[in-house]
1. Say R0 is 41 Å: what FRET efficiency, to the nearest 0.05, do Phe185 and Met1 get from their beta-carbon distance?
2. How high is the relative contact order of the chain, given as a whole-number percent (alpha carbon pairs under 8 Å, six or more residues apart)?
3. Using helices alone, what [θ] at 222 nm do you get for the chain, with -39,500 (n - 2.57) per DSSP H run of 4 or more residues, divided over all residues and rounded to the nearest 500?
4. What distance in nm separates the two pseudo spin-label positions at Val252 and Lys56, each 7 Å out from Cα along the beta-carbon direction?
5. Over 27 Å between Cα atoms, which of Lys101/Lys223; Lys160/Lys222; Lys146/Lys223 qualify?
6. Which of the trypsin sites (Lys or Arg not before Pro) found in region 96-192 are loop residues per DSSP with 10 or fewer other Cβ atoms within 10 Å of their Cβ?
7. Note down the nm distance, to one decimal, between modelled labels 7 Å out along Cα→Cβ at Phe25 and at Asp226.
8. Gain in length, Phe77 to Ile192, computed as 0.36 nm per residue apart minus the alpha-carbon separation, to one decimal in nm?
Amino acid sequence: MSFSGHLSGDIYSHYWFYESTRRSFQFEGYGNTCGGITAVALTAFMVESYLNLSCKLIFDLQARVNEVLYSPPSDFFEVIGEKPVKGTHIDDKVAIAYGFKKQLDNLIDVFDDNLFGLKKTDFTRLCREKSFYEIDDKLRFSPKAKFFALSEVLYSDDNKKKEHRKLIERLFNLRNSLAHGRSEFVSSSVLIEADDNSSFSSESIPSLQASWQEQCSIENAKKAFDDSCEIIKFLSLSAFNDKYPFRMPTQVGAFSKG
């Protein structure tokens, strides 16, 4: 006996990077430096994936409108009535009333303000006909640029915005130093205190560390991961009113026998 059918649903890459990072901390076999490198790299992948998703969702205005119309919230008519727009289609009313259009317009403005020459021209043209992923494939926005734009639109607290920008800057500077790694000559003074000469051994001599190794300790990697998760949660709540950004969306399927 066999069954055939069809499955569909979104696969969120940031979720898998989140789980991979979280589980990497539970595996002691990597050691301090190797474990830290792994966790930092996966954390950066997680953040970049979520920044991509956030921009993609905000740019897909129709999908956000459809989500509201397919399953209207209990206060739907109340929200729509707060910002009446005469003579417009229901899709436009939803986009305006729920703030989707304002978010999109503001995000486009921030990206546009930070582009010049042909890139600015291409961005203006592509915005009218392409998804964010297609735009990004063409213009290649950096993760820092994406976060700068999103934070400019979504943050009302300037202090929190500055703090989160510094954290993102630090994370991707470290990720880039690993991705484009260079060997270093390191010199360090060492003082070893011992009770007597017999207690001295080579094991008591600390290993030399490059600057990136010091930043990639397990302790620092865990802090970078925790900070990044908090930033993602803040973006998720501010942009999409979603308290659970690390939960996979539902997948739908249908099967028949034979």
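The values are calculated or read from the model by the stated rules, or taken from the named source; none is laboratory data. In this text, all values refer to a predicted model and were calculated from it rather than measured experimentally. Cβ placement follows ideal geometry from the backbone for every residue including glycine, while neighbour counts extend to all protein chains displayed. Accessible surface areas use protein heavy atoms only, side chains included; no ligands, DNA or RNA. Shrake-Rupley method; radii C 1.70, N 1.55, O 1.52, S 1.80 Å.
1. Once the sixth-power term is evaluated, E becomes 0.05.
2. So the answer I get is 39 percent.
3. Result for the chain: -20000 deg cm²/dmol, rounded to the nearest 500.
4. Computed distance between label sites Val252 and Lys56 equals 1.8 nm.
5. As for pairs spanning more than 27 Å Cα to Cα, those are Lys101/Lys223.
6. The qualifying sites are Arg128, Arg140, Arg182.
7. Label-label distance for Phe25 and Asp226, simple model: 0.7 nm.
8. 34.1 nm
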